[in-house]
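The values are calculated or read from the model by the stated rules, or taken from the named source; none is laboratory data. The structure displayed is predicted, hence computed values, not measured ones. In this analysis, Cβ positions are derived from the backbone assuming ideal geometry, glycine residues included, and neighbour counts consider all displayed protein chains.
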Amino acid sequence: MRYAAGLMVCLAALGACNKGPEINEKNASVEEVAQKVREAAADHSLIEPGKWETKVSLLDVDIPGMPPQMAAQMKQTMAKMQEHSFESCLTEADVNKPKEDFFAGHNKDCRYDHFTMSGGKIDAALRCEGKPNGAMTMAINGTYSRDSYEATMAMDVAGGRQGSMKLRSHSESHLIGQCTAAEIKARNEENKG
């Protein structure tokens, strides 16, 4: 979920008019995709920094071998969590120079099979060979504009300490206003670290 949340913040930072950016990478590292995104941010008019509201909905969880009562409890807990949305402040630095870890956390073992962002649509497939947590693949499909985005993610974790797991989620976000001075200061401090 950490990967998905990071990507959603990044997508909010990348929302542009349907004229650009144009990114089409294949078999690329997280760093290579982040660099292309930075270049696109420098060449295109991206969103204004501001406060975004995001809601993430869990669509489906499949954990083979999980007892039915535990699966029911997990779904009930996740349903309660989905009743809430969260707000995030995107500064000018977030919008113009997204970091690599927006895309895949601090996992350097991740690569994109493909990353396409064009005409208001995004389509990506990420593969991470993380140990000891097992291999993870994630497919992302969605749309974006200057003031909103939506995306569906399908994540598949194979092996690792917790066994295998499949997860599908949907995120929606929209610009709700300006960040406060305190939020901007806090975010700028985070960006320095």
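Listed values, structure above:
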read-out: Count - residues of region 86-122 that are among the polar types (S, T, N, Q) and either assigned to a strand (DSSP E or B) or at pLDDT below 70 (or both); value: 4
read-out: Total residues in region 74-85, condition surrounded by 12 or more Cβ atoms within 10 Å (Cβ to Cβ) and either modelled with pLDDT of 80 or more or not in a loop (DSSP other than H, G, I, E, B) (or both); value: 4
read-out: Residue satisfying all of: in region 168-190; part of a helix (DSSP H, G or I) and acidic (Asp, Glu); farthest from Asn141 (Cα to Cα) among these; value: Glu189
read-out: Complete set of residues in region 136-167 that are more than 13 Å from the chain's Cα centre (by Cα), at pLDDT 85 or above and under 19 Å from Thr54 (Cα atoms); value: Asp147, Ser148, Leu167
read-out: Among residues of region 27-73, those that are touching a strand residue (DSSP E or B) at 6+ places or on another chain (Cβ under 9 Å), small (Gly, Ala, Ser) and modelled with pLDDT under 80, counted; value: 4
read-out: Qualifying positions in region 147-193 - in contact (Cβ under 8 Å) with a residue 40 or more places away in the chain, of a type in the set (Gly, Ala, Ser), surrounded by 15 or more Cβ atoms within 10 Å (Cβ to Cβ) and under 26 Å from Glu129 (Cβ atoms); value: Ala151, Ser164, Ser169, Ser171
